[in-house]
1. Of (1) more than 22 Å from R186 (Cα to Cα); (2) of a type outside the set (K, R); (3) in contact with an Asp or Glu (Cβ under 6 Å, 6 or more places away or on another chain); (4) modelled with pLDDT of 95 or more, V88 satisfies all except one. Which?
2. Any residue in segment 57-72 that's free of Cβ contacts under 8 Å to residues at least 40 places away in the same chain and within 14 Å of T7 (Cα to Cα): show its pairings with residues that are aromatic (F, W, Y) and surrounded by fewer than 14 Cβ atoms within 10 Å (Cβ to Cβ) at Cβ separation under 8 Å, as long as the two are six or more apart or on different chains.
3. Of (1) assigned to a loop (DSSP other than H, G, I, E, B); (2) buried (at least 16 other Cβ atoms within 10 Å of the Cβ); (3) among the acidic types (D, E), D37 satisfies all except one. Which?
4. For residues that are in a loop (DSSP other than H, G, I, E, B) and of a type in the set (A, V, I, L, M, F, W, C), scanning just segment 137-150, find the one that is surrounded by the most Cβ atoms within 10 Å (Cβ to Cβ).
5. Quick one: which residue in L62, L90 is on the phi < 0 side of the Ramachandran plot and in contact with a helix residue (DSSP H, G or I) (Cβ under 7 Å, 6 or more places away or on another chain)?
6. What single numbered condition from (1) modelled with pLDDT of 95 or more; (2) touching a strand residue (DSSP E or B) at 6+ places or on another chain (Cβ under 8 Å) fails to hold for R200?
7. Restricting to segment 107-136, count the residues that are crowded, with 18+ Cβ neighbours inside 10 Å, farther than 21 Å from T212 by Cα and touching a strand residue (DSSP E or B) at 6+ places or on another chain (Cβ under 8 Å).
8. Return only the number of the condition from (1) crowded, with 16+ Cβ neighbours inside 10 Å; (2) more than 21 Å from R20 (Cβ to Cβ) that N174 does not satisfy.
Amino acid sequence: MKHVMITSGAKGIGRAVTERLLKEGWFVSVLQRNPIDWTHERLHMVEAELTDRQTLLQGYELAVERFGEPDALILNAGPYIFERKSMVELSDEEWDEVMTGNLSASFWLMRRAIPAMRSKQFGRIITYGFPESANAPGWLHRSVFAAAKSGLVSLTKSVALEEAPYGITVNMVNPGNIVGSQKEMRIEDAESDDQTPVGRHGTGEDIARMITFLLSEDSDMITGAVIDVTGGVNVVHQYRK
């Protein structure tokens, strides 16, 4: 039995990933702030608050009781402030929510998952960033999110080095400009886009395909990687600079 635990895997890109992994035969535990009515024999929906360590880890233990210690951990959730704000306009609460949900929660869940993965000599951990996050770029009016994800890049690479001897890989996936209904869309339904070199906009299925490969045994040589899944948009932008 292969068990993967994913945060916020019931909607958006997370749902596309969950659906793909269920088709691939994984047992999937979804840690979700607001669980939805989604029934599948290999799916366990668990209520968990990402920004509260105690309730998050309580949800983790409920998932372990159901399907056992996870073989893979996907840190799909990432609190985000949609209103564009300069750094000085951010409240303490906004800063804490974004930093905790993106960075501290990743630390708490990795720390809990890794000992069992070490004992199996196998584990897969996936974090999420944004295009070019590996370079710690500035992001106008998105300072807290950029800071949290840049920190997560370093955490991802550091843990990848520490856990490589134990058969555990740790990688980051950076979705491109996948918005609205595109997040749960299949590739075959994607519309053309002349601003994207591959000729179409991205979909949740694009991210799900990448993650499915990174969870496989065949990906064992890939760790500490930060992978942009953008259809080449970020490459174009680099060239135009």
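1. Single failed check for V88: (3).
2. Taking only residues 6 or more apart or on different chains, not a single pair turns up.
3. D37 satisfies every listed condition except (2).
4. Out of the qualifying residues, it is W139.
5. Answer to the check: L90.
6. (1)
7. The total comes to 2.
8. Every condition holds for N174 apart from (2).
The values are calculated or read from the model by the stated rules, or taken from the named source; none is laboratory data. Not measured: the values here are computed from a predicted model. Every residue, glycine among them, receives a Cβ derived from its backbone with ideal geometry; neighbour counts consider all protein chains shown.
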